[in-house]
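The values are calculated or read from the model by the stated rules, or taken from the named source; none is laboratory data. Given the structure is predicted, the values throughout are model-derived calculations rather than measurements. Cβ placement follows ideal geometry from the backbone for every residue including glycine, while neighbour counts extend to all protein chains displayed.
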There are 2 protein chains.
Amino acid sequence: MTETRYDVLGVGNAIVDVLAQVDEAFITTHELAKDAMLLIDEERATSLYAAFPPSEEISGGSAANSLAGIASFGARGAYIGKVANDQLGEVFAHDLRAAGVAYDTAPLEGGPATARCLIAVPPDARRAMNTFLGASALMDEADIDQDLVRASTVTFLEGYLFDREEAKRAFVRAAEYARAADRRVALTLSDIFCVERHRDSFRQLVKNHVDVLFANEAELKSLYETEDFDAALASVRAETRVAAVTRSEKGAVIVSGDDEARVPATPVEKVVDTTGAGDLFAAGFLTGYARGAGLETCGRLGVIAAGEIISHMGARPQVSLADLAAKAGVAIPAA
Amino acid sequence: MTETRYDVLGVGNAIVDVLAQVDEAFITTHELAKDAMLLIDEERATSLYAAFPPSEEISGGSAANSLAGIASFGARGAYIGKVANDQLGEVFAHDLRAAGVAYDTAPLEGGPATARCLIAVPPDARRAMNTFLGASALMDEADIDQDLVRASTVTFLEGYLFDREEAKRAFVRAAEYARAADRRVALTLSDIFCVERHRDSFRQLVKNHVDVLFANEAELKSLYETEDFDAALASVRAETRVAAVTRSEKGAVIVSGDDEARVPATPVEKVVDTTGAGDLFAAGFLTGYARGAGLETCGRLGVIAAGEIISHMGARPQVSLADLAAKAGVAIPAA
């Protein structure tokens, strides 16, 4: 492979999170789904927001969260995703660039507003996400910069992109560019409902185009339609180069051909908000992977980042992940 | 006095805070002022925001923060302040209403954007605020609903309103309506630079129209142009019905005619961000004052609220202040 300018290029839905702490009754009353992401239309977004407690706005988006984490580890990241030309779009772009991620996708003019995700965080920290996709779903193939894909060691795609046709075409285009340039393709399954919505497409994709697959236990089981975790693991082992499966407080299992690594979760004093746990695991893992680290090092970087993110509200790191890795004695290979 | 619908009506600049943790070098490099608020124009707002680290957006505005606190104590609050018809304006309105505050000021159409305050929080927690006033300064006399002033026991005005002519006229109008209806007028001096900008006007106002004055030690000394705190206290005692003076970790001194109460600060494990300390002291104090509580009870409610706000990022309470008051054994009189 020729040299790259970026370790990881993320492609995803560009979203600003609207976060609020709620009680259990709020989850029930508004029929929200914990540990999951529901797509909502503008009308539902308006009525749910009206019912929302006082909130804070923090830039989000699954792959964008991962890229912010990758930059916090000191790795080189870029991002493609669509905001509108509005205040929340400006906030999203600012926060990503300020985190050290290259981001130049042209904002959407004259269409829907920047995407928002209304996130209700109940006392048990298992967040319920409700996304109005807005401008983010209107990213299209023209937004995928082929030179940028060529210049990136890994192109990282989020499964959520499959939820709208334009974004899905952009997703496929990015994967094609990466393969043509002999770069690696990583995919996160994103969410169990997302897997259920797109199982067949994901199966094809994993088998034919994905080098590194991220999933949690429930998503992996759903992908292979089995209740048997070991059976699902055997299936994915046969179909991808690397699969990294997260299991909440049980840590992560990583399989690659005949190799396997199991990494315990980082102990966390108090789990405040699980938003972004998977995104940040991927951030750590991909930081190591893009630099050629072994499976266990990749996994350890993943759990370090996930442990940081669940200890506070929001899905962007609040301290330097490079410092946390250094403190934990995990070395990140040079670019 | 006839019965009122609201304990406190706040009138102030409607602002969304953009908060980020920074290092000391950031404060120096960008010539920011700790413990103070600087007014910045749109150009400076744009360049400073570009230099800002990843941030979070939380509704702010001095009097609006106070009203959110008043509602959190379970008291009845209303607010007048101007946002634009844009996303951050929607966020501001949502958060205030969701906090339980009545808020119906018509958004500004076709003018500048909703006001933003770029707040840099250094490791010592002494925030540097930088405000682009935008739409907030274009509140005018027509926005002051006379019936609302009449319906409120106390009308609470922030000194920051004096920074622009339109808002200043609205301020004066609100004070006139309150006096005509035999209601109480409270004023916060807001900021030492604000006092320096408007010392003569504030002196006139305090002497002729203000029942309850809020100031910190530096602001009070500046108002009376003396380095002697006791002399400043003697001056304000002669000129207002009640003056509540905050002194950071030394707590608060409240004077009213011959009466005086001194209240120690609430012990706080770690001071994270001093944004809103004065606003929330006023929230507690006014909650008590509007209900006819004694000076010491008012002061104790003030330090309870201030202690909560400085223990986290942002200037809106994160837990129920009514619960904190109950735990501290401070009873809030019924409406």
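Here are a few things to note about the model shown:
- In the stretch A:161-174, the residues that are touching a Ser or Thr at 6+ places or on another chain (Cβ under 7 Å) and farther than 17 Å from A:C194 by Cβ: A:A174
- Filtered by the rule that a residue be among the acidic types (D, E), out of contact with any strand residue (DSSP E or B) (no Cβ under 6 Å at 6 or more places or on another chain) and in contact (Cβ under 8 Å) with a residue 12 or more places away in the chain, the stretch B:1-23 gives a lone residue, B:D23.
- Any hit, the stretch A:41-49, residues being more than 10 Å from chain B (Cβ to nearest Cβ), among the small types (G, A, S), under 20 Å from the mean Cα position of the chain (by Cα) and not in a strand (DSSP E or B): no
- Restricting attention to the stretch B:108-123, the residues that are among the charged types (D, E, K, R), under 30 Å from A:Q318 (Cβ atoms) and free of Cβ contacts under 8 Å to residues at least 40 places away in the same chain total 0.
- Some residue of the stretch B:233-253 being under 29 Å from B:P123 (Cβ atoms) and in a loop (DSSP other than H, G, I, E, B): yes
- Residue list for the stretch B:309-325, restricted to those being in a helix (DSSP H, G or I), out of contact with any Ser or Thr (no Cβ under 6 Å at 6 or more places or on another chain) and either within 21 Å of A:E57 (Cβ to Cβ) or within 14 Å of chain A (Cβ to nearest Cβ) (or both): B:I309, B:D323
- Matching entry among A:I70, A:I58 (being of a type in the set (V, I, T) and either within 8 Å of another protein chain (Cβ to nearest Cβ) or part of a loop (DSSP other than H, G, I, E, B) (or both)): A:I58
- Number of residues in the stretch A:99-127 that are within 13 Å of chain B (Cβ to nearest Cβ), over 18 Å from the mean Cα position of the chain (by Cα) and not in a loop (DSSP other than H, G, I, E, B) equals 2.
- The residues in the stretch A:128-169 that are among the polar types (S, T, N, Q), in contact (Cβ under 8 Å) with a residue 60 or more places away in the chain and more than 19 Å from A:S190 (Cα to Cα) can be counted, and the count is 2.
- Only one of the numbered conditions (1) away from chain B (no Cβ under 14 Å); (2) assigned to a helix (DSSP H, G or I); (3) of a type in the set (F, W, Y) is violated by A:F156, and that is (2).
- Within the stretch B:1-38, the set of residues being within 14 Å of chain A (Cβ to nearest Cβ) and of a type in the set (V, I, T) comprises B:I15, B:V16, B:V18, B:V22.
- Within the stretch B:73-98, if we keep just the residues that are surrounded by 24 or more Cβ atoms within 10 Å (Cβ to Cβ) and over 24 Å from B:A167 (Cα atoms), the residue that is farthest from the other protein chains (Cβ to nearest Cβ) turns out to be B:A75.
- Every test in (1) assigned to a strand (DSSP E or B); (2) away from every other protein chain (no Cβ under 11 Å) is passed by A:A137 save one, and that test is (1).
- Residue that is surrounded by the fewest Cβ atoms within 10 Å (Cβ to Cβ), among those in the stretch A:159-190 that are of a type in the set (A, V, I, L, M) and in a strand (DSSP E or B): A:V185
- Looking only at residues in the stretch B:1-40 that are part of a loop (DSSP other than H, G, I, E, B) and in contact with a Lys or Arg (Cβ under 6 Å, 6 or more places away or on another chain), the one that is modelled with the lowest pLDDT is B:D35.
- Enumeration of residues in the stretch B:206-232 that are assigned to a loop (DSSP other than H, G, I, E, B) and crowded, with 17+ Cβ neighbours inside 10 Å: B:V210, B:D211, B:Y224
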